[in-house]
Amino acid sequence: MTRYPDPKQVGGDFYSRNFAKNARPDTLILNLGPQHPSTHGVLRVLLELDGEYILRAEPVFGYLHRMHEKMGETKAWGQFMPNMGRVDYGHPLSWNWAYCGAVEKLAGIEVPERAEVIRVITHEMNRLTSHLLWWGAYILDLGAFTPIMYAFDDREHLLDLLQRPTASRLTYSYFRFGGVSKDLDEKFVEGTKAFIARFRQRLPMYKDLVTDNIILRKRVEDIGIIDQDMVTRYGATGPVARGAGLAYDLRVSEPFGVYDRFDFKVPTQTTCCSMGRYLVRMEEMEQSCRIIEQALEQLPGAEGPHLVKGAPKPQAKMPAGEAYFAVEGGRGKVGVYVVSDGSKIPYRVKLRAPGFSNLSCFAEACQGMLLADAVAVLGSLDLIIPEIDR
Amino acid sequence: MSAVKDIFQSVKDLWSLFVGLRVTGKYFMQPTLTVHYPRETVDEDVEQTYGGHVELVPKPKNPLKPKCIGCMMCVTNCPSGCLTVVKAKAPKPTPEEEQAMKEAEARGEKVKKPKAPKEPAKFMYDYSLCSLCGTCIENCPVGSLRYSNNIYFVGTSRKEFKLDLLQRLQRQAENTAKAAPEASEPEQAAETAKSEA
Amino acid sequence: MSIHPQLLHLIIALIAVMAWVGLNALVLVYFERKGAGFIQRRPGPFEVGPQGIIQPLVDGIKLMCKQLVMPTGADPVLFWTAPLLSMTPVLLLFLVLPYGPWLTGMQIDLGILLILAFAGINVLALLIAGWSSNNKYGLLGAARAVAQSVAYEIPLLLAVLAVAFTTGTLDFVKITEGQGPWPWQWNMVYQPLAFIIFIISAVGECNRAPFDLPEAESELTAGFHTEFSSMGFGLFFMAEYSYMVVVASVASTLFLGGYQGPFGSDGWWWYLPKVYAILMFMIWIRWTYPRVTFVQLLNINWKWLLPLGTVNLLATAFFMKLF
């Protein structure tokens, strides 16, 4: 049986030709992406389909490669900061923190207590926006159009609050070496308290409309099994690891900032399926609310300015050496590794994106399932393509 | 026993569909939340805290001139290179002055050359390059830069995002002057316009 | 030369139906977008005309003005036949629907049969569209469309048969007149199960969310009409909305008493609100639920609707024999 059309005649690019080499002759090779509505940007997945069943899958990425790591080697330490807001538009403050943390570790900069608390508040609020964005987009992938609008209604309130200190609404560049760029004002604190109260009332609605819906549960339960073995093999972190029953959360296991002061739970699910990851994120939103509440209570008592005195200027030189700092982002472990040769420009900046490891699980997890389920699994990994390609 | 449980579960599952309908039905009845842009504007509070493109802060006494001293800190620190500042040159001496200077030199006196004023002659800003990180604002020693609240800034070509911030400052000053006519000072405006040219 | 009066009646009815189909599609698109907007707490179309009322018309004109693109490798004859084939049978379906005591295009004894028969042609159109456009997404969409439509026609038929058993006729006018003007005299009360099965199958038959698998946006981009542009797409779009109107009309005739009104006030003014109530319900569920997967879709059909429909039919036959 010969494949029609013959791959040798059709051509295609390097990836499709290689992928077609190992394909069975009676199967269909489908390019899901890079301009597919449910791949959230420009992810491309090569699929070998038998009917609608997936035999093999291979993610192809790099369509959104912006050379952030190389840009780090051409800009001064402080000038690289805006890039950190653009690596991951979903949870930019975690990247802000990871880079600032690495440089602070390298140069031994003390962060005032007040700045640490501010960092926790804004970081957690950013996690809420990240999870709300994921929630809306995921349900949109599954075919329901309305929830994303409700999610954005809440998200809009958060962005209105976050723009007060950060002056941005999406790509934040708010943290500085030794603190944050602007202090929180009274209106922000009041507004955040009001938002938490409002959000607590909205969460049951989300549960009624989506989480409890029988169609959704049948869609996402027992598909895309990523168990602890796979998690450790691929290095998946964040909700993907916690959805496999692995209580690995950097906020608890390697506390950074002042996270050790707060009382919150690390939600885990043992089902390993898409529903498990979904529930982990829904639970995380509630826990984030708890952290923000506690942090707001600690804010008046926290001492020090929002930015340490004598914080390095953007063009300042950093001592030679190397440092690695990791924080818990919305998608998992966000790590930044910096090497300095003592000049005002980093020698090397390495970014560890959690989405890359999480996406690597996809090829194995989606084998033998339906095309529609593959979309549901892809969404449950919470992929932000710019972060994967960097 | 499990059969009863199954039936109970099925009924619960079916009920979840009606719960979903109730939620959307409830919101169908409630008023819309969207801001109808040309007819409505966003909340005052949101507009005031919005971080739009960078703008110059006028001197407290002279709304036509920026606080800027032309130190170029913003230009050197800008990660995206979106600012272009040209320092003001020393005013060219008039022929009489030149004559006087030459005479003074001939007499062997110390010539006092006019110094360049500490202000920018040109302050160009390319919004299409700016990443709105706020580095220029934080590093300005005199606080001459700030985020504008220009939330409705749109354009149809790249050219429209290349802003002359000095002109913008003057336009703003004129607008506020128009709003409060008694505060306007025409002579001053003419003077600034001359120095601008 | 004189035209046969029945032929004249038919021609007038056909022209009226054409106008009616177009108007219905416009109104329904407007309702759909407005309803979606209000559910999502935004105004929906707003700028074109007061409350955006002429937006669908302007969209239609825009569609007509666009370029007709055919992909390379597509079968030109089949590619252009498909949208036409999708749209033409719709006109026929409207002919037999009873809008009022005197407002029926063509009253025939086998009205239901005609509708069920010609509605099946739509499947062929979708299959041709997906197959001829030389697109893998289109092909998958076409395969889904066929499996789905074939499957969902069976419970639809069973539900209709149950009603036909109780009334003893396949003529729409007679079925309408067999019911009374008040809600407790409607077939819905005597055949609740058939009504539910009919509504669910109707949503599946129309390819509407949550059963809109042939054009599942997040999986197949646009399914069978991925490659269609301009009025090619426009005709599919119009056909989809017209089929919605047809199934809603059939449902209101069979189960909701049709054009009958209390105190002899029969007429289309009773008929249309019932039709649009069903349509609004279909719009409501579209903007509430996620989409089911293909396996689930067929499971719902073969494991639930079909046995339930059969049981309902047997029970109906039993009771009809008994009383």
So what's the Cα pair-distance distribution over region C:70-322, bin width 10 Å, in %? 8, 30, 34, 20, 7, 1, 0
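Apply the a/c threshold of 1.5 to the C-alpha gyration tensor of chain B and tell me whether it is rounded, prolate or oblate. Could the numbers behind the result be given before it?
Details: a/c = 4.93, a/b = 2.99, b/c = 1.65.
The shape class here is prolate.
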So the angle from the long Cα axis of helix A:146-166 to the longest Cα principal axis of chain A, reported in degrees to the nearest 10, equals 30
For B:His53, enumerate residues with amide H under 5 Å from its amide H, sequence gap 5+ or separate chain, H modeled in the peptide plane. B:Ser148, B:Asn150
Rg/Rh over Cα atoms for the protein assembly as shown, Kirkwood Rh, comes to 1.06
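Here are some pairs, B:Lys159/C:Lys66; A:Lys313/B:Lys110; A:Lys182/B:Lys162; which of them have Cα atoms lying more than 29 Å apart in this structure?
B:Lys159/C:Lys66; A:Lys313/B:Lys110
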Using modelled amide H (1.01 Å from N, peptide plane; none on Pro or chain starts), what sits under 5 Å from the amide H of C:Thr293, excluding residues fewer than 5 places away? none
Give me the Debye-computed log₁₀ of I(q)/I(0) at q = 0.19 Å⁻¹ for region B:18-81, equal point scatterers on Cα only, no solvent, two decimals. -0.98
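In what sequence, largest accessible area first, do A:Cys366, B:Cys130 appear using a 1.4 Å probe?
Details: A:Cys366 0, B:Cys130 30 Å².
Result, largest first: B:Cys130, A:Cys366.
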With Cα atoms, 0 to 90° folded angle of helix A:92-107 axis to chain A main axis: 60
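A:Glu283: net charge of surrounding residues, Cβ under 13 Å, Lys/Arg +1, Asp/Glu -1, itself excluded? Mind showing how you got there, number by number?
Working: positive: A:Arg127, A:Lys207, A:Arg242, A:Lys265, A:Arg277, A:Arg281, A:Arg290; negative: A:Asp249, A:Glu284, A:Glu286.
Net charge in that neighbourhood comes out at +4.
Can you pull out the buried accessible area for chains A and C, both sides counted, probe 1.4 Å, rounded to the nearest 100 Å²? Can you show the working numbers first?
Details: alone 16170 and 15760 Å², together 29370 Å².
Separately minus together, A and C give about 2600 Å² buried.
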Euclidean distance of C-alpha centroids, region B:53-74 and region A:50-82, integer Å: 40
Largest first, how would A:Glu284, A:Glu297, C:Glu205, A:Glu254 line up by accessible area (1.4 Å probe)? A:Glu297, A:Glu254, C:Glu205, A:Glu284
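Nearest 100 Å² is fine: how much accessible area is buried between B and C, summed over both sides, with a 1.4 Å probe?
Details: alone 14990 and 15760 Å², together 29380 Å².
The B and C chains share an interface burying roughly 1400 Å².
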Among all the lysines, which ones have a C-alpha under 20 Å from B:Lys67's C-alpha, if same-chain residues fewer than 8 places away are not counted? B:Lys59, B:Lys87, B:Lys89, B:Lys115, B:Lys118, B:Lys122, B:Lys194
Report Rg (one decimal) and Dmax (nearest whole number) for region A:68-389, counting Cα atoms only, units Å. 19.3, 59
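Which three semi-axes in whole Å describe the equivalent ellipsoid of region A:268-390, each the square root of 5 times a Cα gyration tensor eigenvalue, listed largest first?
Values: eigenvalues 260, 119, 19 Å².
For region A:268-390, the semi-axes come out at 36, 24, 10 Å.
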Return P(r) of region A:155-209 (all Cα-Cα pairs; 10 Å bins starting at 0; whole %; ordered from short to long distances). 22, 42, 27, 9, 1
Tell me the angle of helix C:268-286 to the major Cα principal axis of chain C, expressed in degrees between 0 and 90 and rounded to the nearest ten. 50
Compute the accessible area per residue over chain B, keeping the other protein chains in place, probe 1.4 Å, unit Å². 67
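Determine the shape class of region A:14-60: with a ≥ b ≥ c the square roots of the Cα gyration tensor eigenvalues, call it rounded for a/c under 1.5, and otherwise prolate if a/b is greater than b/c, oblate otherwise.
Here region A:14-60 falls in the oblate category.
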With the cut-off at 1.5 for a/c, could you classify region C:97-179 from its C-alpha gyration tensor as rounded, prolate or oblate? prolate
Each residue of region A:239-247 in turn: what ³J(HN,Hα) in whole Hz from Karplus with 6.51, -1.76, 1.60 and θ = phi - 60°, glycine and Pro shown as x? x, 5, 5, 5, x, 9, x, 9, 7
Where a Cα-Cα gap under 29 Å defines reach, which lysines qualify for C:Lys174, not counting those fewer than 8 residues away within the same chain? C:Lys274, C:Lys321
For region B:78-170, alpha-carbon Rg relative to the globular expectation (2.2 N^0.38 Å, N residues): 1.61
Given a 1.4 Å probe and the protein chains all in place, what does the accessible area of C:Met320 round to, in Å² to the nearest 10? 80
May I ask for the distance between the Cα centers of region A:241-267 and region A:165-191, given as a whole number of Å? 24
If one computes the Cα centroid of region C:269-323 and of region A:372-390, what distance in Å separates the two points? 36
Name the residue, out of B:Glu47, B:Glu105, B:Glu174, whose mean-square fluctuation peaks in a Gaussian network model built on chain B with Cα pairs under 10 Å. B:Glu105
Residue-level accessible surface for C:Ile54, protein heavy atoms, 1.4 Å, Å²: 80
Residues meeting the amide H criterion for A:Val45 (H placed from the backbone, H to H distance under 5 Å, 5 or more places apart or on another chain) are A:Leu32, A:Gly33, A:Val60
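Excluding ligands, DNA and RNA, what is the solvent-accessible area per residue of region A:14-60 at a probe of 1.4 Å, expressed in Å²?
On the way: 2030 Å² over 47 residues.
On a per-residue basis, region A:14-60 sits at 43 Å².
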Accessible area of the protein assembly as shown with a 1.4 Å probe: how many percent of it is carbon plus sulfur? 62
Estimated vicinal HN-Hα couplings, Hz - region C:65-79 in sequence order (Karplus 6.51, -1.76, 1.60; Gly, Pro = x): 7, 7, 6, 8, 10, 10, x, 5, x, 7, 7, x, 5, 5, 4
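The values are calculated or read from the model by the stated rules, or taken from the named source; none is laboratory data. Bear in mind that the values here come from a model prediction, so they are computed numbers and not experimental data. With ideal geometry, Cβ positions are generated from the backbone for all residues, glycine too; neighbour counts draw on all protein chains shown. Note: areas computed on protein heavy atoms with side chains; ligands, DNA, RNA excluded. Shrake-Rupley method; radii C 1.70, N 1.55, O 1.52, S 1.80 Å.
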